[in-house]
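Coordinate-derived values only; no laboratory data. Since this is a predicted model, take the numbers as computed values, not measurements. Reconstructed Cβ throughout: ideal geometry from the backbone, glycine too, with neighbour counts over all protein chains shown.
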Amino acid sequence: MKLIKLNNGKFVIIREANKTDAINMIKYIEKISRESDNLTFGEGEFEVSYEQEEVFIGTLSKQENCLCIIAEDNGKIIGNLTFIGGKRPRTAHKGEFGISVLKDYWGKGLGTELISFLIDWSKETGIIRKIDLRVRTDNTNAIHLYEKMGFTIEGKITRDMRIENKFIDTFQMGLEIG
Ligand SMILES: CC(C)(COP(=O)(O)OP(=O)(O)OC[C@H]1O[C@@H](n2cnc3c(N)ncnc32)[C@H](O)[C@@H]1OP(=O)(O)O)[C@@H](O)C(=O)NCCC(=O)NCCS
């Protein structure tokens, strides 16, 4: 667990999620799906039950190359980062993450703190040697954030998403660890 201070002076907690967070996590995900078109799912498209989410978080918490963290403001989930490492020996050293922050908290330094947490954790595992992500080519705030944290663009994936009949390209970005 880590106590962090946002740019507005507010203190929030970053901690690893556990199975008991499943219900609040689903509610959080439903909310962010309405707030941003930068995710791989839109409103009502997540389609994961509380029970499935509970199993998902429980499984991740047992894997030494996976991480699911949440940021909390007075017990309310305000941000999430989930990193999933490869399952087999040849891919266990790398993984991809997704990140989101509630709109009310954008631009206050929380995304930076969540990624710092991931990078520190990756170094401590001794296993993770590469962090990957995909981001919409027009998501300039997120790209700025990733570049600030040391990630570089490794390639462009065309037609990676389709939103309301419009194809969206993404950048593949990565950060080598160690
Ligand atoms: C992308 C996201 C996770 C960033 O989280 P955040 O808490 O807003 O990030 P931070 O406040 O740490 O910083 C973001 C950087 O972008 C800049 N930025 C500029 N305008 C911004 C805005 N309107 N909102 C957020 N960041 C902004 C910030 O200045 C900061 O750079 P700096 O540290 O050099 O000043 C968050 O905006 C989000 O959840 N967006 C919707 C979902 C999404 O796009 N996820 C990523 C998918 S790949």
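Shown in residue order for region 97-106 are the 3J(HN,Hα) couplings computed by the Karplus curve 6.51 cos²θ - 1.76 cosθ + 1.60 at θ = phi - 60°: 10, x, 9, 8, 9, 4, 3, 4, 10, 4 Hz (x for Gly and Pro). Using the Karplus relation 6.51 cos²θ - 1.76 cosθ + 1.60 with θ = phi - 60°, the per-residue 3J(HN,Hα) values for region 163-170 come to 10, 6, 6, 10, 7, 10, 8, 10 Hz, with x marking Gly and Pro. Let me check against my output: what whole-number percent is the relative contact order of region 49-116, with C-alpha pairs under 8 Å and at least 6 apart? 23 percent. In whole percent, what relative contact order does region 1-69 give with Cα contacts below 8 Å and a gap of six or more residues? Relative contact order here is 33 percent. What list of whole percents do you get for P(r) of the chain, with Cα-Cα distances grouped in 5 Å bins up to the one holding the largest distance? Whole-percent P(r) values from 0 Å outward: 1, 8, 16, 20, 22, 19, 11, 3, 0. Distance from the C-alpha centroid of region 27-45 to that of region 46-66: 18 Å, rounded to the whole angstrom.
Were the residues from Lys103 through Ser49 laid out at 0.36 nm apart, the gain over their Cα-Cα distance would be 17.1 nm. Under a 5 Å amide H cut-off, with hydrogens placed 1.01 Å from N, Ile177 pairs with Lys130, Ile131 among residues at least 5 apart or on other chains. Using C-alpha pairs below 8 Å separated by at least 6 residues, the relative contact order for the chain is 17 percent. Karplus-derived 3J(HN,Hα) values for region 63-80, using 6.51 cos²θ - 1.76 cosθ + 1.60 with θ = phi - 60°, are 8, 6, 10, 10, 9, 10, 10, 10, 9, 10, 10, 6, x, 9, 6, 10, x, 8 Hz; glycine and proline are entered as x. Specify which residue in the list Ile13, Ile119, Ser33 is farthest towards the positive end of the charge dipole of region 2-128, using unit charges on the beta carbon of Lys, Arg (+1) and Asp, Glu (-1), about the Cα centre. Comparing the listed Cα positions along the dipole, Ile119 ranks first.
With semi-axes defined as the square roots of five times the eigenvalues of the C-alpha gyration tensor, the equivalent ellipsoid of region 1-96 measures 22, 18, 14 Å, largest first. Count Lys and Arg as plus one, Asp and Glu as minus one, and take only other residues whose Cβ is under 15 Å from that of Val55; the net charge is then -3. In this simple spin-label approximation, Lys76 and Arg34 carry label points 7 Å from Cα along the Cα→Cβ vector, and these lie 1.3 nm apart.
Assuming a ≥ b ≥ c are the square roots of the Cα gyration tensor eigenvalues, decide whether region 93-178 counts as rounded (a/c under 1.5), prolate (otherwise, with a/b larger than b/c) or oblate. The shape class here is oblate.
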